[in-house]
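Quick notes on the structure that follows.
Nothing in this text is a laboratory measurement; each read-out follows from the coordinates by a stated rule. Note that the coordinates shown come from a computational prediction; the quantities given were computed from them, not determined experimentally. FYI the Cβ positions are ideal-geometry reconstructions off the backbone, even for glycines, and counts take in every protein chain you see.
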Amino acid sequence: MDLIGLKTLGAERFAALLALCERLDTSSAPAGGRGAPSEAGSLQGAAVALLFCEPSTRTRVSFELAAARLGMHAVRVSPEESSSQKGESLVATCRNLEAMGFEALVIRHQVCAAPHEVAERVQIPVINAGNGNDEHPTQALIDCVTLRRAFGRRGEEMAGKKVAIIGDIAHSRVARSDVWALGYLGCEVILAGPPGLMPAGDELGPDSAWRAGHVRGAASRDEALQDADAVIMLRVQQERLEKASGQQYHPETYLRDWGIDADVQRGAMKPGAFILHPGPVIHGMELSEALADGPQSLILEQVSHAVAVRQAVYLACLGAAQGF
Ligand code: NCD
């Protein structure tokens with residue numbers, strides 16, 4: 001199966017995939033060593049191509065490590081070193097990789113349509129590692145594993161929790177996948193960000209049907225934080241803004257108005273509320289360094305689940321796990 005977005009995956013298959021992530025997460029936890037799950041054997045020797053047409057650290061490296069843990073070969077195909085420099089299209093490149101015998105493609109691309117276009121033209125599974133501002137399904141799985149674990153340690157359920165997402169919502173594929181994932185888990189989502197960074201015409205915009213459902217907007221950071229049980233902070237995607245409008249956000253004023261430091265945490269957040277961030281974190285902008293590394297931060301815990309989540313996605317997409 002392809003994993004392009006959580007919107008099309010639906011609640012039932014999302015729940016099954018999340019359960020698989022959580023099961024593998026125990027077996028790949030540091031204390032558990034490298035114990036591969038029982039399904040892993042069937043992917044031994046399978047080859048996956050990683051086409052990252054935008055920068056990535058955590059996502060790419062964890063897809064590589066997850067492949068290695070399953071005994072697969074992961075081959076990186078970077079645009080700077082491939083025939084896309086000579087004018088070959090992404091679809092043509094992917095068809096060639098399929099002809100060569102690759103069994104899956106992991107694609108990160110700046111164009112929202114890219115993974116859909118590839119999936120229409122190849123038979124092998126396509127896994128979306130982030131497409132424009134559309135979706136980043138594996139990051140949302142990581143965020144849900146992290147939150148469920150964190151609430152679980154307190155004996156609490158996810159359903160009914162309020163999760164704020166603050167920052168550059170307009171450009172964030174993480175926000176869009178998180179909104180679907182958190183909705184499937186019964187959470188309320190509160191979106192807030194500077195007016196220029198809030199979505200307008202799409203399904204997260206003020207007129208969307210969702211706003212009548214589990215998603216609402218807040219006019220300020222403090223309003224969003226007021227009764228949130230957890231907050232997912234987002235980086236301002238300056239590289240996309242520069243192309244669109246050239247607008248710049250300055251770290252100090254951004255932190256004052258939309259970021260979180262110790263004063264904001266004390267004054268505006270619910271005691272015990274968790275702080276997440278998909279990375280990369282710009283310290284001193286969306287979060288002060290002390291808060292990013294503080295006791296309420298789950299940021300490194302998110303990263304610690306990345307490999308198991310991507311192992312689970314390989315197993316599900318390549319048909320090596322039951323129920324997909
Ligand atoms: C994000 C992305 O690329 O979508 N990071 C990630 O993959 N964990 C967010 C960002 O770049 O700010």
Query raised in the report: About its Cα centre, how strong a charge dipole does region 248-324 have in debye, to the nearest 20, once Lys and Arg get +1 and Asp and Glu get -1 at the Cβ?
Result: 340
Query raised in the report: Beyond 19 Å, what percent of the Cα pairs of region 32-157 remain?
Result: 54
Query raised in the report: With the dipole of the chain worked out from charges on the C-beta (+1 for Lys and Arg, -1 for Asp and Glu) around the Cα centre, which of LEU197, ALA15, PRO137 lies farthest toward the positive end?
Result: ALA15
Report task. Stick to the Cα atoms of region 232-324, pair each with every other, and give me the Kirkwood hydrodynamic radius in Å at one decimal. Result -> 15.4
**Report entry** Linear extension gain, GLU81 paired with ASN96, 0.36 nm per residue minus alpha-carbon span
**Finding:** 3.8 nm
Query - Residues of region 145-180 with amide N under 18 Å of the 7 Å Cα→Cβ point at THR253 - result: 167-168
Report summary line: Residues of region 146-178 with backbone N under 18 Å of the label point set 7 Å from the Cα of ALA113 along Cα→Cβ are none
Report task. With label points built 7 Å along Cα→Cβ from the Cα atoms of SER42 and GLU242, find their separation and express it in nm. Result -> 4.6
Query raised in the report: What is the percent of Cα-Cα separations in region 174-272 that go past 24 Å?
Result: 25
Report summary line: What the Cα atoms of the chain span along the principal axes, largest first and in whole Å, is 57, 46, 36
Report summary line: Computed over the Cα atoms of region 57-98, the Rg and Dmax in Å are 12.4, 35
Query raised in the report: Helix by helix, which DSSP H runs in the chain go 18 Å or more along their axis at the Cα atoms and have an average Kyte-Doolittle hydropathy of -1.0 or more?
Result: 6-27, 137-153
Requested in this report: Report the extension gain between ASP227 and GLU289 in nm, rounded to one decimal, defined as 0.36 nm multiplied by the number of residues separating them, less their alpha carbon distance.
Outcome: 20.0 nm
Query raised in the report: Between GLU157 and GLU88, what is the FRET efficiency for a Förster distance of 56 Å, r being their Cβ-Cβ separation, to the nearest 0.05?
Result: 0.70
Query - Dipole magnitude of region 41-150 about its Cα centre (Cβ charges: Lys, Arg +1; Asp, Glu -1), debye to nearest 20 - result: 360
**Report entry** Beta bridge orientation in the chain: antiparallel %, DSSP, nearest 5
**Finding:** 5
Query raised in the report: Counting Lys and Arg as +1 and Asp and Glu as -1, each charge on the Cβ, what is the dipole of the chain about the Cα centre in debye, to the nearest 20?
Result: 560
Query raised in the report: Expressed as a whole number of Å, what is the distance separating the alpha-carbon centroids of region 69-112 and region 164-203?
Result: 30
Query raised in the report: Which percent of the Cα-Cα distances in region 102-173 go past 13 Å?
Result: 72
